[in-house]
Amino acid sequence: MPKKPAEDELDQQIIHTVETAKPETVQQLIDQVQALSSKPKQEILNRIMQLQQEEKIHLKPPQTPTPEKLSSYLRSNHAVWYWITMTLTLTTMLVVFVVPENDFPLVYLRYVLGTIFVLWLPGYAFIKALFPEKEFDSIERVALSIGMSLALVPIVGLLLNYTPWGIRLTPIVLSLTTLTLAFATTAIAREYQIRIKQDASRILIPASQKS
């Protein structure tokens, strides 16, 4: 069956967009073509699938697909940041409770880990949980993590002030540990779900670049 003029025009827009704009996923291609043609997304998707069958464009899966299970994802390189955060948090808690304040020179380890624990880890884990898919550069990551930690720690102290435990070392350390681990676990779970959805959108390359 010959193509309708509207279908042929849409096909040319799709191919032209793939070759010039170089979208990375099917969803990006649909959004870009829709902005040019105002066609319904389903119609654009149908034409993309047809062009794939005709080998005028080529869809391929990501080179490093996300593991199918969360447990496998936690053992992959994607989860390195999570285990570093967990290790630093639990190590700091252990050092604070085990190393006395007058035990030199080990007390300096307590100071270093305590500074990271208060000024970095809560904010870092919170930002990761809030924006699991967004990549920040080093300066943005440091600034956001420190800024958010400086906001979270006083809030924790304020809330503890109205509890029977009060603002003391043990409840503060346990509260910040729980908060950081909760944020980090939420972040890794959200990151995994987003990567799974991204893998479902196959990468696009022009048929002329097909290997």
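The criterion of being of a type outside the set (A, V, I, L, M), modelled with pLDDT of 90 or more and not in a helix (DSSP H, G or I) holds for residue 166.
Of the set (1) over 13 Å from the mean Cα position of the chain (by Cα); (2) farther than 21 Å from residue 85 by Cβ, all apply to residue 178 but (2).
Put simply, of 142, 99, 80, 107 the only residue that is under 21 Å from residue 175 (Cβ atoms) and among the hydrophobic types (A, V, I, L, M, F, W, C) is 99. Within the range 85-124, restricting attention to residues that are farther than 18 Å from residue 149 by Cα and touching a residue at least 12 places away in the same chain (Cβ under 8 Å), the residue that is farthest from the chain's Cα centre (by Cα) is 97. Is it fair to say residue 179 is within 30 Å of residue 78 (Cα to Cα) and surrounded by 14 or more Cβ atoms within 10 Å (Cβ to Cβ)? Judged against the criteria, residue 179 is a match. Scanning the range 111-141 for residues that are farther than 11 Å from residue 187 by Cβ, surrounded by fewer than 18 Cβ atoms within 10 Å (Cβ to Cβ) and of a type outside the set (A, V, I, L, M) yields 111, 114, 115, 134, 135, 136, 137, 138, 140, 141.
For the subset of the range 139-183 comprising residues that are among the polar types (S, T, N, Q) and out of contact with any Ser or Thr (no Cβ under 8 Å at 6 or more places or on another chain), which member is nearest to residue 99 (Cα to Cα)? I'd like the intermediate steps shown before the answer.
Applying the first criterion (among the polar types (S, T, N, Q)) to the range 139-183 yields 145, 149, 161, 163, 170, 175, 177-178, 180.
Within this subset, residues satisfying the condition of being out of contact with any Ser or Thr (no Cβ under 8 Å at 6 or more places or on another chain) are 145, 149, 161, 163, 170, 175, 178.
Details: 145: 27, 149: 24, 161: 26, 163: 27, 170: 13, 175: 19, 178: 21 Å.
Here the answer is 170.
Of all the numbered requirements in (1) out of contact with any Gly (no Cβ under 7 Å at 6 or more places or on another chain); (2) crowded, with 16+ Cβ neighbours inside 10 Å; (3) at pLDDT 90 or above, residue 174 misses one, and that requirement is (2).
Being part of a loop (DSSP other than H, G, I, E, B), exposed (fewer than 14 other Cβ atoms within 10 Å of the Cβ) and at pLDDT below 85 is the filter here, so list the residues in the range 55-94 that pass it.
In the first step, residues of the range 55-94 are kept if they are part of a loop (DSSP other than H, G, I, E, B); the result is 55-56, 61-69, 75-76.
Those still in the list that are exposed (fewer than 14 other Cβ atoms within 10 Å of the Cβ) too: 55, 61, 63-65, 68-69, 75-76.
55, 61, 63, 64, 65, 68, listed by residue number.
Scanning the range 149-162 for residues that are outside any loop (DSSP other than H, G, I, E, B) and out of contact with any Leu (no Cβ under 9 Å at 6 or more places or on another chain), we see that the one that is farthest from residue 190 (Cα to Cα) is 161.
The values are calculated or read from the model by the stated rules, or taken from the named source; none is laboratory data. Model, not experiment: these values are computed from the prediction. All Cβ positions, even for glycine, are placed from backbone atoms using ideal geometry, and neighbour counts span all protein chains on display.
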